[in-house]
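Chemist: Dumping the structure here so I can ask a few things about it.
Each value in this text was obtained by applying a stated rule to the coordinates, not by laboratory testing. These figures come from a predicted structure and were not determined experimentally. As a convention, Cβ positions derive from the backbone with ideal geometry for all residues, glycine included, and neighbour counts pool all protein chains shown.
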Amino acid sequence: MGRMNGLVLSLGALGFGILYLPIIIMVIFSFNAGKLVSVWSGASLKWYAGLLENDQLLSAFGTSLLIAVWAATIATIFGICIAVAFVRFGNFRSRLALSAIASAPLVMPEIVTGLSMLLLFISMESLFGWPSGRGVDTIIIAHATFGMCFAAVVIQARLRDFDMAIEEAAADLGATQPFIFLSITLPVIAPAVVAAWLLAFTLSFDDLVIASFVSGPGSSTLPIVIFSKVRLGVTPEINALATVMIVVVAVAVIGASWAIRRRLSGRDQNQ
Amino acid sequence: MVRGMGKYLVNLPAVTGRRLVIALPLIWLAVFFFLPLVETLQVSFTSPRRGIPPYEPLWGIGDDGFFTNFTTGNYALLLQYWSDYFGPAFNSIKLAFFSTLVCLLFAYPMAWWIARSNEKWRTILLVLVMLPFWTSSLLRIYALIGLLNPNGFINAAGLWLGLIDAPIQMMQTDFSIYMGMVLTYLPLMILPLYAVMVRLDADLLDAAADLGGSGIQIFRTIILPLTLPGIIAGSLLVFIPAVGEFVIPALLGGPDQLMMGKVLWTEFFRNRDWPVASAIAMLLLAILTVPIIYARYQDGRDAVAETPNPKQAEAG
């Protein structure tokens, strides 16, 4: 296999290079005094300072944050319901329907989801007067809808590994189902619930296409603003913004995987 | 008997609770996912009009009783201007197909590398794969523009090193689209491949090598068949969203790199022809039906075949 390894390593390294070179260059040039992402004209923090004064970007950031927190929370609650139904309820009558409708959004092109959601909101408005216009609330509904399907996948994986005997023992001792769920099941699946929430949050926070369809005036999310700026050309402030966001995500992901590793190794020592 | 009653009383809320747990997401998804698709299908059979909303209702009850505005005109339009609509459709399929291949070309050695590393390196490399996955794909594509632009980093570096005499046109070509696709979808291809490769028994490879199998023989007869489920899963995860991709052709593609997502977007936002946009959405769904159903069938098979193993679940 020795001959193969060289090829494997060089293609693999090239793959990591493709993933990281754009990001690294962007991070470096976010500290560039000049506007170009090619000519270094001295170190400067001016694009970061400009970021703090850019009200349009800041308010879009706030809108995105609000939407993502609500959407992720709704998505996680419903995602738990879907996961519990699949893993714990056996063969219930609507199982096939739920499994089809909970997995279709995972593979549906965003542009179709966005368009069809907008058409639904419009016909609902003309029928019931709700939702009146599009805004933060319609984006939250749209994001929660596809978010819950991703959340369900993450939680299901964890729930499937969890020994049902503990729940059954508690039930035999007379504990009610809600009590069992809150005191046993939920703490055990907590890491997956957190992961599901974070995934739903990220999907919502990053979504451009669906939000473009179901947003209204005054509810421009961060990706919508970034997209409109990027279409006009490279804007150095976006370099600074992207660097901040990448650093936040990197710290979170590395911290989380470190915590999981520590938990795992701690568990191995206990056994 | 009293105890029996008690059990009944305890179970009563449990049964209602069970119903609620199933009904809540089912109703939500029926209303906010299934109904919208039905509505899109309806709008694709109406005609556009000036006003809000910019399409006629498909049916309704007016002064003269029940009426319909059913028309197949939007689909006829797609057929009539065949090259304007089906051209981008074929282009989408072509670009998505080759993007999947390019992703596979890089992801396969990357996943193999991760799966064959020791535990410490495996964690580091997996985090390196996951990290871009968690960061905004819009920002990563934006970063790529900074690299590929005529006055971007690659051209500037090439000129400075004397490798090129004039900036190379990389933006608005198939190349920039493929780069964007790889940047966006590579992690989605690596993860399922890694999941099957990490389960692959190393003894099997050693045995084959001891028996004199060449590298290519071992790859063809052992590694490839055993990692095929990962190849299929990863390819579907890349191909399906890539066909409907909008951001990549919009930001990295030129006027020639039309894809369905971009055409739909233009019809909807610029031409404000919502019925035609709906018809394009239906066409996109029709194209994706086969891979989507195949993906669900694969999923179902995996769920049955999957043996519960906590360690794998943590790793995956």
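Chemist: Whole-Hz ³J(HN,Hα) for each residue in the stretch A:17-28, computed from phi via Karplus 6.51 cos²θ - 1.76 cosθ + 1.60 with θ = phi - 60°, x for glycine and proline: what do you get?
Modeler: Running phi through 6.51 cos²θ - 1.76 cosθ + 1.60 with θ = phi - 60° gives x, 4, 5, 9, 4, x, 5, 4, 4, 5, 4, 4 Hz.
Chemist: A further question on this structure: To the nearest 0.05, how large is the calculated FRET efficiency for B:TYR294 and A:ARG93 if R₀ is 22 Å and r is the Cβ-Cβ distance?
Modeler: Efficiency computed from Cβ-Cβ geometry: 0.25.
Chemist: Any chance you could run the full-extension gain for A:ALA13 through A:ILE77? It's 0.36 nm times the residue separation minus the Cα-Cα distance, nm to one decimal.
Modeler: 19.0 nm
Chemist: Here is a follow-up. Could you count how many Lys pairs in the protein assembly as shown have their Cα atoms under 23 Å apart, skipping same-chain pairs fewer than 8 positions apart?
Modeler: Counting lysine pairs in the protein assembly as shown gives 6.
Chemist: Rounded to the nearest angstrom and ordered from largest down, what semi-axes does the equivalent ellipsoid of the stretch B:141-224 get from its C-alpha gyration tensor (root of 5λ)?
Modeler: Each semi-axis is the square root of five times an eigenvalue, giving 42, 17, 10 Å.
Chemist: Shifting gears a bit: What residues have an amide H closer than 5 Å to that of B:TYR55, excluding those fewer than 5 places away on the same chain, when H is modeled at 1.01 Å from N in the peptide plane?
Modeler: The answer is B:ARG49.
Chemist: How high is the relative contact order of chain B, given as a whole-number percent (alpha carbon pairs under 8 Å, six or more residues apart)?
Modeler: Answer for chain B is 23 percent.
Chemist: Here is a follow-up. Could you tell me which of rounded, prolate or oblate describes chain B, using a ≥ b ≥ c as the square roots of the eigenvalues of the alpha-carbon gyration tensor, with rounded for a/c under 1.5 and, failing that, prolate when a/b is larger than b/c and oblate otherwise?
Modeler: Oblate is the answer for chain B, as a/c is 1.5 or above yet b/c matches or exceeds a/b.
Chemist: While we're on this one: Quick one: if the Förster radius is 35 Å, what FRET efficiency do A:LEU182 and A:PHE128 give, using the C-beta to C-beta distance and rounding to 0.05?
Modeler: So the FRET efficiency works out to roughly 0.50.
Chemist: Additional query: Which ³J(HN,Hα) values in Hz, rounded to whole numbers, follow from the phi angles of the stretch B:177-184 under the Karplus curve 6.51 cos²θ - 1.76 cosθ + 1.60, where θ = phi - 60° and Gly and Pro get x?
Modeler: Taking θ as phi minus 60°, the curve returns 5, 5, 4, x, 5, 4, 4, 7 Hz for the stretch B:177-184.
Chemist: Next question. Can you give the relative contact order of chain A as a percent, counting alpha carbon pairs under 8 Å and 6+ residues apart?
Modeler: It rounds to 30 percent for chain A.
Chemist: Angle, helix A:136-161 long axis vs. longest principal axis of chain A, Cα atoms, 0 to 90°, nearest 10?
Modeler: For helix A:136-161, the angle is close to 60 degrees.
Chemist: So which trypsin sites (Lys or Arg not before Pro) in the stretch A:29-98 end up in coil per DSSP with only 11 or fewer other C-beta atoms within 10 Å?
Modeler: A:ARG93
Chemist: Still on this structure, I have one more. Determine by what factor the alpha-carbon radius of gyration of chain A differs from 2.2 N^0.38 Å, reporting the quotient.
Modeler: Chain A yields a ratio of 1.24.
Chemist: Here's another thing I want to ask about it. Would you order A:LEU21, B:LEU79 from fewest to most other beta-carbon atoms within 10 Å of each residue's own beta-carbon?
Modeler: Lowest count first: B:LEU79, A:LEU21.
Chemist: So what's the angle, to the nearest 10 degrees on a 0 to 90 scale, between helix A:95-107 and the longest Cα principal axis of chain A?
Modeler: Its long axis makes an angle of about 10 degrees.
Chemist: Could you work out how much longer the chain between B:VAL38 and B:PHE67 gets when fully extended? Use 0.36 nm per residue separation minus the Cα distance between them, nm to one decimal.
Modeler: Here the answer is 8.6 nm.
Chemist: Among B:LEU24, B:GLN257, B:MET171, whose Cα projects farthest towards the positive end of the dipole of the protein assembly as shown, with charges put on the beta-carbon of Lys, Arg (+1) and Asp, Glu (-1)?
Modeler: Working it through, the farthest residue towards the positive pole turns out to be B:LEU24.
Chemist: Okay, next question. Once you have the alpha carbon radius of gyration of the protein assembly as shown, what is it after dividing by 2.2 N^0.38 Å, with N set to its residue count?
Modeler: That works out to 1.04 for the protein assembly as shown.
Chemist: Show me the three semi-axes of the equivalent ellipsoid for the stretch A:139-223, from the C-alpha gyration tensor (sqrt of 5 times each eigenvalue), largest first, rounded to whole Å.
Modeler: 36, 12, 9
Chemist: Test of understanding: extend the Cα→C-beta vector of A:VAL251 to 7 Å, then name every residue of the stretch B:132-162 with backbone N under 18 Å from that spot.
Modeler: B:132, B:134-136
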